[in-house]
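Each remark here refers to the structure printed beneath this line.
The values are calculated or read from the model by the stated rules, or taken from the named source; none is laboratory data. Nothing here was measured: the structure is a model prediction, and the numbers come from that model. As a convention, Cβ positions derive from the backbone with ideal geometry for all residues, glycine included, and neighbour counts pool all protein chains shown. Note: areas computed on protein heavy atoms with side chains; ligands, DNA, RNA excluded. Shrake-Rupley method; radii C 1.70, N 1.55, O 1.52, S 1.80 Å.
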Amino acid sequence: MKRSWLACPVAIAIGSVPRIAVLIPLHAHPDRALRPDSFEYLRGASDLMHGCYTVFSRPIGWSAFAAACLSICDSMFFLSVALTAIGIATIAIAWQATRRSAGNLAAFVAAILLSLNVTAVANGPMMLSDTLFSFAVSIELLLWLRFTERPDARRAIAMAVVSGIATLIRPIEFPHIAVLVLMVLLSSPCDFRKRLLLTAAVLAAFSIVVVPHMAFNARRGAGWVVDCNTGAMLHQNGAMLLAEVNGTDFETEKTKLLKEEAEVLPRLPDWESRERWRMSRYLGILRSHPLAAARQQFNWRVLIPDVPTLFEICGVTEAGRGTMGVLAKDGAKAAIRHYFKGREAWIAVGIMLSAVALTAYVLALAAFVMDLAAKRWGGVLLFLGFVLFYLLLPGAIGAPRYQLPALPALVLLAGTGWTSLACLQKTKCKTNFTNEYEKTHRGGNRQWKD
């Protein structure tokens, strides 16, 4: 692209259009940005604005961001606008990360795919942690790529600090520090002793960010944890696992486990013991059915484009109208008519937006396969550490919004896959693919070399 400096502004402009369009109906109906989890986050923000923090079930990161925004303008719609701006900024970071590793054309493709990703657009203004978490992960990804270009302690430490901040936004990031340490060890060219020192520095930087909040929770009787919501996996993932094993359904098993929790938890003295009991009970279920649990960890539903959320925010459809009952009774056509209330033309919009997401998946997978075949271990590490990790960790309960932290790396690989496949269409590339691939992808970066 001759005018490569235009690529990022153009991609951001394209990405801003659907995100701003989603804000229009939210101005009149800000409650559409709420979900059941939102109230704990917002309560935490209210606490922080009053100089305290009484929430146990959620980490402090998103609430701190929300408190800062609400102190500027005490409006939930303003908070949605701020989160939308964070989503747009994520596009710019994904563009920069892809440009550094794969060139301008790949960066433009990656930015467009993220701009038009329906899950990112729909969940951008929601009162949930996913958009802010995805933004933090995109910065972590960019720092990782800079580390692969020139490994040094400062870049590794900066990456660990951002990972710590991301952990305070969503605790699912906590085990990712082990992934980062492994990636640093595999990518650093220094000797073994220096690698150990670098690992210690990374762990120390991560701990400096995360441990103070864990100590704060410990003083409140919650134990050395980031939050006390991890135990909810008992009546979420645990219920899904028992439903498969017992041949029942999720809601039946969830009701049983919630009843068991209601009987046991009030008898326990504090949050720490309650969380310990829930985790012990959940791990017991996993140990009893390890194969089924491992199978459920590969949950393809997390990749489903979140078209329903977009339609619900825009007022095209409504949740909780008994569509599944209509489907069971009268069939698919009746269910579609019931769900869209005579607005079936919107189905075409959903199909087009879903096609964008599917294109990104296919291109990213193609890039991973080519990297694996050519033994370009940097690309393989990128896929495993920044895509597969975030897609697999949620397990059986995999809402589409859980894919958001994987999207920056996924569209990076998709942009790479696009330029690689374009290269394959050229006759000269068919006979000498490796050399042309390296030229196309700015062969100066260590990440893509053998």
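Screening segment 337-355 for residues that are aliphatic (A, V, I, L, M) and more than 29 Å from PRO394 (Cα to Cα) and picking the one that is modelled with the highest pLDDT gives ALA348.
Rundown of residues vs (1) more than 30 Å from LEU145 (Cβ to Cβ); (2) among the polar types (S, T, N, Q); (3) in contact with an Asp or Glu (Cβ under 7 Å, 6 or more places away or on another chain); (4) at pLDDT 95 or above, yes/no style:
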site: LYS194; (1), (2), (3), (4): no, no, no, no
site: ALA201; (1), (2), (3), (4): no, no, no, no
site: SER207; (1), (2), (3), (4): no, yes, no, yes
site: VAL210; (1), (2), (3), (4): no, no, no, yes
site: ALA222; (1), (2), (3), (4): yes, no, yes, no
site: LEU242; (1), (2), (3), (4): yes, no, yes, no
site: GLY247; (1), (2), (3), (4): yes, no, no, no
site: LYS254; (1), (2), (3), (4): yes, no, no, no
site: PRO266; (1), (2), (3), (4): yes, no, no, no
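Only residues that are of a type in the set (A, V, I, L, M, F, W, C) and open to solvent by 50 Å² or more (accessible area, probe 1.4 Å) were counted in segment 276-285, giving 2. Across segment 20-30, a minimum of one residue is classified as within 30 Å of GLY103 (Cα to Cα) and out of contact with any Leu (no Cβ under 7 Å at 6 or more places or on another chain).
For segment 130-234, give me every one of the helices (runs of 4 or more DSSP H) that falls completely inside it and has 2 or more residues that are open to solvent by 50 Å² or more (accessible area, probe 1.4 Å) and out of contact with any Lys or Arg (no Cβ under 7 Å at 6 or more places or on another chain). Show your work before the answer.
Values: elements: 130-149, 153-169, 176-187, 192-219.
Passing ranges, in order: 153-169, 176-187, 192-219.
Remark: pairs (first residue in segment 291-319, on the phi > 0 side of the Ramachandran plot and surrounded by fewer than 17 Cβ atoms within 10 Å (Cβ to Cβ); second residue modelled with pLDDT under 90 and not in a helix (DSSP H, G or I); Cβ separation under 7 Å; 6+ apart in sequence or on different chains) are absent. Scanning segment 265-294 for residues being part of a loop (DSSP other than H, G, I, E, B) and closer than 22 Å to CYS228 by Cβ gives a total of 3. Failed condition for VAL380, given (1) more than 20 Å from the chain's Cα centre (by Cα); (2) aliphatic (A, V, I, L, M); (3) farther than 22 Å from GLY124 by Cα, with all others met? Every listed condition holds for VAL380 apart from (1).
Taking first residues from segment 252-266 that are polar (S, T, N, Q) and partners that are part of a helix (DSSP H, G or I) and surrounded by 13 or more Cβ atoms within 10 Å (Cβ to Cβ), the Cβ contacts under 8 Å between residues at least 6 apart in sequence or on separate chains come to THR252/ALA243. Residue-level check: of (1) small (Gly, Ala, Ser); (2) under 15 Å from ALA239 (Cβ atoms); (3) open to solvent by less than 50 Å² (accessible area, probe 1.4 Å), SER273 misses just (2).
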